[in-house]
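Heads up: the structure comes next, in structure tokens.
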Amino acid sequence: MEPTVAAQLRAIRRLVDEAGADAGLGEAAAQALTLASSQLRRLEGAQAARLPFLVEDNRAAAALLAELAELVADLAPPEPSPADPEAATSEAAAASRNDALRELLARAVHELPADAAGDAARARVAELLRARLARNPALNRPPRSGAERTGTP
Amino acid sequence: MSEREIRSRLEAFLRSRLGPSAAPRVDAVHRVSVGRSRENWLFDATWLDGGAEVSESLIVRRDPLGGLLETDRAVEYAVLAALQATAVPAPAVRWLDGDGAELGRPSLVMVREPGECDYFVLNGEGPLGERVSLARRLCALLVAVHRADWVSAGLGDVFDDPGPDAATVELAGWEAILRRDQLEPYPELELALRGLRAAAPRSARTVVVHGDFKAGNVLLRDGEPGTLLDWELAHLGDPHEDLGWITQPLRTREHLIAGAWERDDLLAHYEELTGWEVDRYAVRWWNALACFKTAVMQISGLRSYVEGRCDELYQPTVAVLGTLLDLVDELVGEQA
């Protein structure tokens, strides 16, 4: 359905960029508009991909947790509620489930046994997390300049 | 805060410190955007001292409402005051508003030193020979920090000496910040924590650690390194910590020059200047800690953003988390 969220975000960013190009702006106002524009650009790129990313990440994390449950007690992942018709399509529901699953992964890292089987399981967690980093639409965006790249003081 | 308001507050602040007969006047106030963790205002102050007019160019560093770091201006003031007794070129500190009662937020007033900061000067447009020479002098500056006699300077009254446990103490400190600020689970950081704890090196000596040593925190004047700025992360610890920070894979463009000033060149020059043997394993551990610390700072920044205390959106990045996982994997592999 038009206008899409992405199209509206683009339009808002155009307005912000036009306002920011005004040579008469003070330094603080110009910086604020630059910041707003960069955040809009980031949102434009990430918003459409967010729900599919969460659904796929939840599937992968739940599958791994089911395997790890053989090594760690009470690690069974929560099931999406069948009574909730929005569970599969709502971003809020998917994000909430993602938090729950990542909490279980965080616990597993510490509670897996300190032996070869535990180490192998942790390596699988690391593999899953690396794949997640590569897919995460909120984190994968065009590089910024200078110190912004590392986001340090 | 507007320029007018900060000027008025600064004049009242100087009156309280210098006495009403000093009749302090504040001019040329303007905010500078350099520095990502503090709100910095430059100004000129003029006052009377025994009938004579005194002028100084000063800078006030105010705490922002939120951001990457929450550090204590009173501690930074104590560090800078103590360093005046050493050969370390730290900025001269003048006054402290520790609780922000006078300047609106906790603030530090320092002398404005001459020079410009350039994060990427080592990979700038200058001739290669000059850039390598500058890299060697920056290394010498770090050595001056590590060689500072912190006991005589009184820094033992400001910080605890972590001794051989510097690595685990520092890791625990950043874990505490993570626990305070994280809004969601980060299994990536749990993996890193577990690996770093298991692989932590022991420290052979305690020195003053700057904590954020980089060209971007050094004032350059006619190409010469001058004052070293931004002491808010300084503490006592293992010298390998600063070496790990400046050789971390994510910031090579700030510290190294491909083919001319590589990691091994830097470490060998440091060994030559100090006469201390650098433990390459320890440097790799501190490389990983540098990434962990960066991720935690980004998480603090994210919390500030979500709570409306900071306008810039921070988030642990793919580069930081991915590099951290790789480095910890290597350390754990070496330990196995």
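Just need a number here: residues in the stretch B:59-77 that are closer than 30 Å to residue B:46 by Cβ and crowded, with 20+ Cβ neighbours inside 10 Å.
Final tally of qualifying residues: 8.
Any idea which residue in the stretch B:258-279 is farthest from residue B:127 (Cα to Cα), counting only those that are free of Cβ contacts under 8 Å to residues at least 24 places away in the same chain and within 23 Å of the chain's Cα centre (by Cα)?
Filtering the stretch B:258-279 for residues that are free of Cβ contacts under 8 Å to residues at least 24 places away in the same chain and within 23 Å of the chain's Cα centre (by Cα), the one farthest from residue B:127 (Cα to Cα) comes out as B:271.
Just give me the residues in the stretch B:162-202 being part of a helix (DSSP H, G or I) and among the acidic types (Asp, Glu), in sequence order.
B:165, B:170, B:175, B:181, B:188, B:190
Among (1) of a type in the set (Gly, Ala, Ser); (2) over 24 Å from residue B:234 (Cβ atoms); (3) modelled with pLDDT under 95, where does residue B:67 come up short?
(2)
Filter the stretch A:108-127 for residues that are in a helix (DSSP H, G or I) and surrounded by 18 or more Cβ atoms within 10 Å (Cβ to Cβ); which is farthest from the other protein chains (Cβ to nearest Cβ)?
Ranking the qualifying residues of the stretch A:108-127, first place goes to A:121.
Out of the residues in the stretch B:221-252 that are in a helix (DSSP H, G or I) and in contact with a Leu (Cβ under 8 Å, 6 or more places away or on another chain), which is nearest to the other protein chains (Cβ to nearest Cβ)?
B:249
Scan the stretch B:291-323 for residues that are more than 7 Å from chain A (Cβ to nearest Cβ) and aromatic (Phe, Trp, Tyr) and jot them down.
Residues satisfying the conditions are B:292, B:305.
Could you tell me which numbered condition residue B:86 fails, if it satisfies all but one of (1) more than 14 Å from chain A (Cβ to nearest Cβ); (2) part of a strand (DSSP E or B); (3) surrounded by 14 or more Cβ atoms within 10 Å (Cβ to Cβ); (4) out of contact with any Pro (no Cβ under 9 Å at 6 or more places or on another chain)?
(2)
For residue B:54, state whether it is more than 17 Å from residue B:254 (Cα to Cα), outside the structural domain of residue B:26 (by TED's automatic domain parsing), free of Cβ contacts under 8 Å to residues at least 40 places away in the same chain and surrounded by fewer than 21 Cβ atoms within 10 Å (Cβ to Cβ).
no
Evaluate the following for residue B:74: is it free of Cβ contacts under 8 Å to residues at least 40 places away in the same chain and within 21 Å of residue B:156 (Cα to Cα)?
Taking the combined requirement at face value, the residue satisfies it.
Looking at residue B:254 and the list (1) out of contact with any Gly (no Cβ under 7 Å at 6 or more places or on another chain); (2) over 14 Å from residue B:142 (Cα atoms); (3) not aromatic (Phe, Trp, Tyr), which single condition is not satisfied?
(1)
Being at the interface with another protein chain (Cβ under 10 Å from one of its Cβ atoms) and touching a residue at least 60 places away in the same chain (Cβ under 8 Å) is the filter here; which residues of the stretch B:324-336 pass it?
B:325, B:328, B:329, B:332
Cβ contacts < 6 Å: first residue in contact (Cβ under 8 Å) with a residue 24 or more places away in the chain, restricted to the stretch B:207-222; second residue of a type in the set (S, T, N, Q), any location; separation 6+ or different chain. Result?
B:219/B:227
The values are calculated or read from the model by the stated rules, or taken from the named source; none is laboratory data. None of the values given here were measured: they were computed from a predicted structure. Methodologically, a virtual Cβ is constructed for each residue, glycine included, from the backbone with ideal geometry; neighbour enumeration extends over all protein chains shown.
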